[in-house]
Amino acid sequence: MQKVMGMLNRRWMIFLLVSVVIVCSIFAGARYYLSKCHGMDACAAAEAESHERDKPTEPQ
């Protein structure tokens with residue numbers, strides 16, 4: 001009887017561990033997707049664009 005309880009406990013712990021990994025993966029993916037920029041080039045482009053808007057317009 002104790003072996004059965006030990007196996008059941010082990011299965012429960014593995015299930016819990018896999019569930020935590022899946023939830024963390026979904027959370028990390030959503031956070032990455034909702035972030036302002038994806039990748040170094042996109043961040044640099046977004047920053048350059050924001051600085052470009054800060055400059056006063058020059059009369060022509």
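A few remarks follow.
- A straight chain from Lys3 to Ala45 at 0.36 nm per residue would run longer than the Cα-Cα distance by 9.1 nm.
- Gain on full extension, evaluated as 0.36 nm per residue between Leu16 and Ala28 minus their Cα-Cα distance, stands at 2.5 nm.
- Using the Cβ of Leu17 as centre and a radius below 12 Å, the other residues enclosed give a net charge of +2, where K and R count +1 and D and E count -1.
None of the figures in this text is laboratory data; all of them are computed from the coordinates on show. Nothing here was measured: the structure is a model prediction, and the numbers come from that model. Please note: Cβ atoms are built from the backbone with ideal geometry, for glycine as well, and neighbour counts cover all protein chains shown.
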